[in-house]
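The values are calculated or read from the model by the stated rules, or taken from the named source; none is laboratory data. On a predicted model such as this, the values are computed, not experimentally measured, just so you know. In this analysis, Cβ positions are derived from the backbone assuming ideal geometry, glycine residues included, and neighbour counts consider all displayed protein chains. Note: accessible area is taken over every heavy atom of the protein model, side chains too, but ligands, DNA and RNA are not part of it. Shrake-Rupley method; radii C 1.70, N 1.55, O 1.52, S 1.80 Å.
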Amino acid sequence: MTTDIPAVQVQGLVKNFGETAAVDGVDLSIAQGGIYGVLGPNGAGKTTVMRMLATLLRPDAGEAKVLGHDVYTEPQTIREKIALTGQFASLDEDLTGVENLILLGRLLGYKHRAARKRGMDLLEAFGLTKAANRPVKKYSGGMRRRLDIAGSLIVTPQLMFLDEPTTGIDPRSRNQVWDIIRTLVDGGTTILLTTQYLEEADQLADRIAVIDHGKVVAEGTPGQLKAEVGAGALRVRVHNVSERDTAVELLRRDGTTVTPEADPAALTVQVQHSADVTHTLKILAQASLEVVSFSYGQPSLDEVFLTLTGTASAPHSDSTPEVGAP
């Protein structure tokens, strides 16, 4: 149940590793309910922030409360109310899926029969019933991730930390994890999600904080962040591939920011106002360059990310997980 108490309240949070400032004065206020995304490139400090909030690391400075409890003085109370799923599955490879969940249930105080029932219920909910008696070392990456999240839900948490939950898994498994996350929120759990993936943040998060070099550089809804960048994007496709370079040269000569796309006939033009759309199309028409299609809209979250951090977002197929220190 959501309350007026924030899920997370952070002010001036600092964590250093030697002379490196992993987290350098982060402020966050996260309401209960919904999904809050923490977005940033590798080494930005996302995982370090999450580990401090989960009481796995002690901050060097600043104030932090989780569900109204102080991370310095009430870490045990916080641990009883949260769940954490890290970047790597915390499973015993030699045990079966159900044995892993029974073990976790027993550690959390369940009797054996109750632990087994809870484990089987979770396996069914996560579509893993057929693999219940299979050793985890024979699970696919997506199955391991789902089992890992299931293990975090032996006791239903008020707040769940998900640290890059879809790193290294295929698109089908990624969509399954997204569905699980949405179901958890529908059940009343607040999600704090760190990710490098712009599509993931855009699909899931109600609000997003962008962290770079240990600082929050922007915060808001996906729509607000896109509007904050200011410029819109006009995507144009010319009729002849051979004319694309001519179009790019003409527009750049006019002082326009133009980016050729992967499609050899397409280009993207940065525009500030709708009048710039008409001006751009007029330049192309006067040069007898035929436009077969065009569309105008807000910048993508990828463009926002690049503007704010100077770094391209990570592709799903090739990513390097962030560790505790940057």
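Exactly one residue out of Arg244, Arg252, Arg237 is modelled with pLDDT of 90 or more, outside any helix (DSSP H, G or I), open to solvent by 20 Å² or more (accessible area, probe 1.4 Å) and of a type in the set (Lys, Arg), and it is Arg237. Report whether or not Arg207 is touching a Phe, Trp or Tyr at 6+ places or on another chain (Cβ under 7 Å) and touching a residue at least 60 places away in the same chain (Cβ under 8 Å). So Arg207 fits the description; yes. Look at Ser90 and say whether it is out of contact with any Cys (no Cβ under 8 Å at 6 or more places or on another chain), open to solvent by 30 Å² or more (accessible area, probe 1.4 Å) and assigned to a strand (DSSP E or B). Spelling it out, it is not the case that Ser90 is out of contact with any Cys (no Cβ under 8 Å at 6 or more places or on another chain), open to solvent by 30 Å² or more (accessible area, probe 1.4 Å) and assigned to a strand (DSSP E or B).
Considering (1) loosely packed, with under 15 Cβ neighbours inside 10 Å; (2) touching a strand residue (DSSP E or B) at 6+ places or on another chain (Cβ under 8 Å), the lone condition that Met50 does not fulfil carries the number (1). Take Leu103 and decide whether it is farther than 19 Å from Gly187 by Cβ, surrounded by fewer than 21 Cβ atoms within 10 Å (Cβ to Cβ) and modelled with pLDDT under 95. The answer is no for Leu103. Within the set Gly223, Gly310, the sole residue that is open to solvent by 50 Å² or more (accessible area, probe 1.4 Å), at pLDDT below 90 and closer than 24 Å to Leu28 by Cα turns out to be Gly310.
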